[in-house]
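Heads up, the thing below is written out as structure tokens.
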Amino acid sequence: MRNVMLNGSKIFLCSWIMFSILGCKPSQPASPTASLALGTLKQCQSYQGLPQDWGSLATSGMVWIPAGEIILGSQHGYPDEKPFSQQPQQVSGFWADQTEVTVAQFKSFVDATGYVTEAEKQKVAAVFIAPQQPQTDPMKWWQLQQNISWKHINGTIPPPHHPVRYITYNDALAYATWLGRDLPSELENEYMAKGFSQQQDIGPEHNGQLNANYWQGQFPHQNTQIDGFSDVAPVGCFQANPFGLHDIIGNLWEWTKSPYIGAHSDGHMGRPEATRAQRAAMIMVIKGGSFLCADNYCARYRAAARHPQEFDLATSHVGFRTIRRAP
Ligand SMILES: [Ca+2]
């Protein structure tokens, strides 16, 4: 048995002979592919949007998230984030996309299946338009526009290395199912974003440097884009977190499989279970914040932050990543 380091985690590899004799099994799955070479502006701008072995390897573009535990939520956030309990919740290990799903990845799904997204069927999506003057009414910066979709934004085709957006919950789940994957629960997303940390929350900075695409300046009229992006950024322009995940905070909100059915303090613990009535409402939890989250509005560029989102509304600021649970 060999002891090796892979993706920062110690694992055991069994040779076929030892497996036959001793029946030993890896303590956790071994990734046969290297991590994506992302994390700088130069690297993300040259990325083509498809990870190594795409189309042939079930875990292409993913890293192994080892089992662990977190206390869900934060005492320091918005009221619905405050923990129900100081008892940590256990999370089993799973594979996770290193980046938000890209336009190129989603295109490969559409090319293979002929899938038509809900925004294309509905012929409408919610689009952010920055006002020129200070505003407090969200209806002043959100517009329902026709003929906007994942492949057609303001008359242009989005670049293949951008995260796909204008994707509803059903669209995201269809893509994940096609790959034999799933969407994370809120608990799994927050565990990914907290990345080994015992802190109650994780923000968009790392070692005093901005490490996420969010909004600097006064939202919604003044975007100083100190982080380099006024709109969505290509995936992987910022350093990965300790689990090897890029943009788990900021850039786009990410769909989870957990219905939004109230505050943690009411006993909702971020798992996907829900009653039939709750599923019928289908207001889902989204996590991580987006390029539209600013200090003065929606300061939700944090691991513990959460927000309700209509499951069938395609918007400018919501994307997703998939996970694959170990058998
Ligand atoms: Ca930004």
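The values are calculated or read from the model by the stated rules, or taken from the named source; none is laboratory data. What you are looking at is a predicted structure, and each value in this text was computed from that prediction instead of being measured. No Cβ is skipped: glycine too gets one built from the backbone with ideal geometry, and neighbour counts run over all protein chains shown.
Looking at the structure I just gave you, is GLY228 surrounded by fewer than 23 Cβ atoms within 10 Å (Cβ to Cβ), more than 12 Å from the ligand (Cβ to nearest atom) and either within 14 Å of the chain's Cα centre (by Cα) or not aromatic (Phe, Trp, Tyr) (or both)? So GLY228 fails the test.
What pairs can you find where one residue is in region 289-314 and surrounded by fewer than 19 Cβ atoms within 10 Å (Cβ to Cβ), the other is of a type in the set (D, E, K, R), and their Cβ atoms are less than 8 Å apart, with a gap of 6+ or different chains? Qualifying pairs under 8 Å: ASP312/GLU118.
Scan region 215-225 for residues that are in a loop (DSSP other than H, G, I, E, B) and within 6 Å of the ligand (Cβ to nearest atom) and the total you get is 1. Only one entry in PHE243, PHE238 is within 19 Å of PRO163 (Cα to Cα), at pLDDT 95 or above and either within 15 Å of the ligand (Cβ to nearest atom) or part of a loop (DSSP other than H, G, I, E, B) (or both), namely PHE238.
If a residue has to be aliphatic (A, V, I, L, M) and over 19 Å from the mean Cα position of the chain (by Cα) to count, how many in region 78-104 make the cut? Within region 78-104, residues that are aliphatic (A, V, I, L, M) and over 19 Å from the mean Cα position of the chain (by Cα) number 0.
How many residues, within region 92-142, are within 16 Å of THR322 (Cα to Cα) and outside any loop (DSSP other than H, G, I, E, B)?
Of the residues in region 92-142, the ones within 16 Å of THR322 (Cα to Cα) are 92-109.
Checking which are outside any loop (DSSP other than H, G, I, E, B) leaves us with 94-97, 102-109.
So the answer is 12.
Filtering ALA212, ALA233 for residues that are within 13 Å of the chain's Cα centre (by Cα), within 16 Å of the ligand (Cβ to nearest atom) and within 24 Å of ASP295 (Cβ to Cβ) leaves a single hit, ALA212.
Evaluate the following for GLN198: is it within 20 Å of the chain's Cα centre (by Cα), part of a loop (DSSP other than H, G, I, E, B) and surrounded by fewer than 15 Cβ atoms within 10 Å (Cβ to Cβ)?
Values: within 20 Å of the chain's Cα centre (by Cα): no; part of a loop (DSSP other than H, G, I, E, B): yes; surrounded by fewer than 15 Cβ atoms within 10 Å (Cβ to Cβ): yes.
No; evaluated as a whole, the condition is false for this residue.
If the condition is being within 19 Å of ARG324 (Cα to Cα) and in contact with a His (Cβ under 9 Å, 6 or more places away or on another chain), then region 242-269 contributes only SER258.
If only residues of region 248-264 that are surrounded by 24 or more Cβ atoms within 10 Å (Cβ to Cβ) and in a loop (DSSP other than H, G, I, E, B) are counted, the one that is farthest from the ligand (Cβ to nearest atom) is ILE248. Per the listing TYR260, TYR301, TYR297, the residue uniquely at pLDDT 95 or above and on the phi < 0 side of the Ramachandran plot is TYR301.
Of all residues in region 203-214, those being of a type outside the set (A, V, I, L, M), over 17 Å from TYR191 (Cα atoms), in contact with a Phe, Trp or Tyr (Cβ under 9 Å, 6 or more places away or on another chain) and part of a loop (DSSP other than H, G, I, E, B) number 3. Going through (1) in contact with a Gly (Cβ under 9 Å, 6 or more places away or on another chain); (2) assigned to a loop (DSSP other than H, G, I, E, B) one by one, ARG321 falls short only on (1). Test GLN75 against the criterion of being buried (at least 20 other Cβ atoms within 10 Å of the Cβ) and either in a helix (DSSP H, G or I) or more than 22 Å from the chain's Cα centre (by Cα) (or both), and give yes or no. Judged against the criteria, GLN75 is not a match.
Here's the yes/no breakdown for (1) touching a Phe, Trp or Tyr at 6+ places or on another chain (Cβ under 7 Å); (2) modelled with pLDDT of 95 or more; (3) surrounded by 13 or more Cβ atoms within 10 Å (Cβ to Cβ):
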{"position": "GLN89", "(1), (2), (3)": "no, no, yes"}
{"position": "PHE94", "(1), (2), (3)": "no, yes, yes"}
{"position": "THR99", "(1), (2), (3)": "no, yes, yes"}
{"position": "ALA104", "(1), (2), (3)": "no, yes, yes"}
{"position": "TYR115", "(1), (2), (3)": "yes, yes, yes"}
{"position": "ASP137", "(1), (2), (3)": "no, no, no"}
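Within region 236-247, the residues that satisfy the criterion of being over 17 Å from CYS293 (Cα atoms) and surrounded by 14 or more Cβ atoms within 10 Å (Cβ to Cβ) are GLY236, CYS237, GLN239, ALA240, ASN241, PHE243, GLY244, LEU245, HIS246.
Only residues that are assigned to a loop (DSSP other than H, G, I, E, B) and among the polar types (S, T, N, Q): list them for region 284-318, please. Reasoning before the result, please.
Step one: list which residues in region 284-318 are assigned to a loop (DSSP other than H, G, I, E, B), which gives 288-293, 295-296, 298-305, 311-314, 316-317.
Selection gives SER290, ASN296, SER316.
Scanning region 160-177 turns up no residue that is over 28 Å from GLY77 (Cβ atoms), surrounded by fewer than 16 Cβ atoms within 10 Å (Cβ to Cβ) and touching a Gly at 6+ places or on another chain (Cβ under 9 Å). Please tell me if GLY208 is at positive phi and in contact (Cβ under 8 Å) with a residue 24 or more places away in the chain. Taking the combined requirement at face value, the residue does not satisfy it.
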